[in-house]
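Colleague: Questions regarding the structure given below will be posed in turn.
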Amino acid sequence: MANRPKVAVIAPCPFYIDRGTPLRIKRLATAMAEEFDVHIITFHQGRNGAFPFTIHRTLPVPLKIRRTGANLAKLLYDFLLLFTTIRVVRRERIALIDGHLHEGAFIGLLAKPFTGARVIYNAHGTFVKELIATGALRKGSWLVKPLAFFEEWVERKVDRIAAQSLLRRDEFIAKGLAPAKVVVVEDVPELEEFFLTDEQMDRELERRLRPRGEKLLIYSGGMERYQGVNFLLDAFKDLCAKREDVRLVLFGRPLEEYREIAADMGIANRVVFVEDEPFERLPHYLKICDIGFALRLYGENVPGKLPIYLASGIAVIGTDIKGVSTVLTDGESGVLVPPGDVAALVGSIEYLLDNPEAVRKIGDTGRQAALQRYSQDDVRRELGKLYRELLKARG
């Protein structure tokens with residue numbers, strides 16, 4: 001479509017990589033590219049591809065980002081991202097900036113005096129609480145208060161907020177933001193792609209994952225302590241001491257730290273580490289596995305893996321925190337355990353392993369709940385409407 005309205009999307013992360021925040025940015029940008037001329041402004045680090053949008057990169061820095069959270073390489077890239085944003089938005093005459101995370105929205109606000117573009121904060125994470133959860137900031141640090149002020153300043157100053165979930169919307173409103181300022185955009189992939197029939201099962205993969213017919217557990221996503229990976233490994237160690245019929249799949253990266261932890265625990269031979277498979281292969285792993293885990297230890301947003309697990313039909317065990325319990329109903333569409341309670345997690349896993357009918361029922365209920373709640377059509381409609389409203393107001 002000729003003469004599509006232009007939108008700049010700030011991606012303050014390595015782009016593209018097939019996990020976490022970059023996945024959400026890619027999905028939303030791809031959906032919006034049907035109607036808008038989307039320009040993604042991002043770090044030099046990342047992969048190019050045959051995308052339906054244009055990518056603009058910063059200059060490189062002599063460091064590489066390897067983990068989530070604050071680090072020197074990311075700070076350098078964020079600094080460069082501001083100047084790249086001003087240059088691209090002015091050159092392309094873009095009237096709207098969609099800034100992902102607080103960093104992206106902040107960069108959009110700093111660029112606003114030079115570009116005149118309106119700014120959306122695309123909210124699919126917190127700032128201060130996530131810094132604390134990832135270990136980048138101590139809970140009692142003197143930096144907590146000024147960074148919390150910065151977080152709320154960004155939320156007040158942007159023109160609109162696209163919230164990742166109903167939970168995030170309610171939190172913004174509880175802070176005193178006007179309800180009309182916040183739009184819910186519950187982005188998920190095309191969920192039907194994650195449900196495979198028995199005929200679609202990768203039998204060779206199944207033979208490799210469970211050579212002796214073992215039950216399979218799976219965690220997919222970023223390998224971070226705050227995601228509950230250490231919690232899961234502690235429980236799996238106890239489980240391995242009690243039974244021989246179970247293996248664990250860790251699908252994500254970086255995995256080196258967890259290879260060492262599993263080796264120290266003496267369970268490395270029972271853990272399958274998968275870091276060289278593309279995200280598109282995840283449905284084949286979910287089809288083969290029995291139980292998936294969403295064990296995040298803090299609860300300010302909905303883990304992106306949760307709708308995917310549910311849509312696949314796998315039974316899900318999650319932590320009883322807001323970001324998970326607002327999606328899972330305990331005993332119906334999933335099982336909830338207190339965060340960090342290893343004994344409760346082991347007990348829940350054993351219950352499901354020994355009750356295949358409960359696994360099937362929970363998986364079926366969860367799948368139906370996900371299909372009723374999430375829709376790519378809703379995403380296109382709500383975010384597209386937001387873009388059009390701000391572009392019209394700007395014009």
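The values are calculated or read from the model by the stated rules, or taken from the named source; none is laboratory data. None of these values were measured; they are calculated from a predicted model. Glycine gets a Cβ as well: all are built from the backbone with ideal geometry, and neighbour counts include every protein chain shown. Accessible surface is based on the protein model in full, side chains and every heavy atom, while ligands, DNA and RNA are left aside. Shrake-Rupley method; radii C 1.70, N 1.55, O 1.52, S 1.80 Å.
Colleague: Which numbered condition trips up Leu383, out of (1) within 18 Å of Ala123 (Cβ to Cβ); (2) free of Cβ contacts under 8 Å to residues at least 40 places away in the same chain?
Modeller: (2)
Colleague: Sort out which residues of the range 174-204 are open to solvent by 40 Å² or more (accessible area, probe 1.4 Å), at pLDDT 95 or above and among the aliphatic types (A, V, I, L, M), and write them in order of number.
Modeller: Residues satisfying the conditions are Ala178, Ala180.
Colleague: Only residues that are among the β-branched types (Val, Ile, Thr) and assigned to a loop (DSSP other than H, G, I, E, B): list them for the range 336-381, please.
Modeller: none
Colleague: Can you tell me which residue is modelled with the lowest pLDDT among those in the range 153-173 that are more than 20 Å from Ile97 (Cβ to Cβ) and surrounded by fewer than 17 Cβ atoms within 10 Å (Cβ to Cβ)?
Modeller: Going through the qualifying residues, I end up with Leu166.
Colleague: Tally up the residues in the range 78-109 that are of a type in the set (A, V, I, L, M, F, W, C) and not in a helix (DSSP H, G or I), please.
Modeller: Here the count works out to 4.
Colleague: Hey, could you check the range 356-395 for residues that are under 20 Å from Ile25 (Cα atoms) and of a type in the set (Gly, Ala, Ser) and say which is most open to solvent (accessible area, probe 1.4 Å)?
Modeller: Ranking the qualifying residues of the range 356-395, first place goes to Ser375.
Colleague: Among the residues of the range 89-105, write down those that are open to solvent by less than 10 Å² (accessible area, probe 1.4 Å) and either in contact with a Lys or Arg (Cβ under 8 Å, 6 or more places away or on another chain) or among the aliphatic types (A, V, I, L, M) (or both).
Modeller: Correct list: Val89, Ile94, Leu96, Ile97, His100, Ala105.
Colleague: Here's another thing I want to ask about it. Quick one: in the range 254-291, which of the residues that are β-branched (Val, Ile, Thr) and within 21 Å of Asp202 (Cβ to Cβ) is most open to solvent (accessible area, probe 1.4 Å)?
Modeller: Val272
Colleague: Another question, then. Residues of the range 221-246 being in contact with a helix residue (DSSP H, G or I) (Cβ under 7 Å, 6 or more places away or on another chain), more than 21 Å from Pro338 (Cβ to Cβ) and either of a type in the set (Asp, Glu) or surrounded by 22 or more Cβ atoms within 10 Å (Cβ to Cβ) (or both), which ones?
Modeller: Passing the criteria: only Met223.
Colleague: While we're looking at this one, here's another question. Since Thr319 meets every condition but one in (1) modelled with pLDDT of 95 or more; (2) of a type outside the set (A, V, I, L, M); (3) farther than 30 Å from Ala235 by Cα, which condition does it not meet?
Modeller: Here Thr319 meets the rest and fails (3).
Colleague: Scan (1) assigned to a helix (DSSP H, G or I); (2) more than 24 Å from Lys175 (Cα to Cα); (3) at pLDDT 95 or above for the single condition Leu75 breaks and write down its number.
Modeller: Result: Leu75 passes all but (3).
Colleague: Next question, about the same structure. Being touching a Lys or Arg at 6+ places or on another chain (Cβ under 6 Å) and closer than 24 Å to His44 by Cβ is true for just one of Leu76, Leu109. Which residue is that?
Modeller: Leu109
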